[in-house]
1. Would you tally the residues in the range 44-71 being at pLDDT below 95 and either within 20 Å of Gln18 (Cβ to Cβ) or part of a helix (DSSP H, G or I) (or both)?
2. In the range 1-43, what residues are in a strand (DSSP E or B) and among the hydroxyl-bearing types (Ser, Thr, Tyr)?
Amino acid sequence: MSERDWTLKVTPTAAGVQIELGLADLGGEPVTAVIALDRAEARRFARALLAAAGDATERTFPHPKPPESRP
């Protein structure tokens, strides 16, 4: 695999894309999941990943409280 314990490969196909997610150790064995998506499914999948990444970022980094306004 690589220095990470996972790999991601995306290959264009005639109908859309093929996504391969490889995990170096899942229950002691390497596993590769292959997902074939048409263009519309690929767009929905990409939007969902972006939304999840944004949600995770919001939860990861603290938000300073805005200064209280003075009268």
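1. Going residue by residue through the range 44-71, those that are at pLDDT below 95 are 45-71.
Those left that are additionally either within 20 Å of Gln18 (Cβ to Cβ) or part of a helix (DSSP H, G or I) (or both): 45-60.
Final tally of qualifying residues: 16.
2. Answer for the range 1-43, where residues must be in a strand (DSSP E or B) and among the hydroxyl-bearing types (Ser, Thr, Tyr): Thr7, Thr11, Thr32.
The values are calculated or read from the model by the stated rules, or taken from the named source; none is laboratory data. All values reported here derive from a predicted model rather than from experimental measurement. Neighbour counts run over all protein chains shown; Cβ positions are idealised from the backbone, glycine included.
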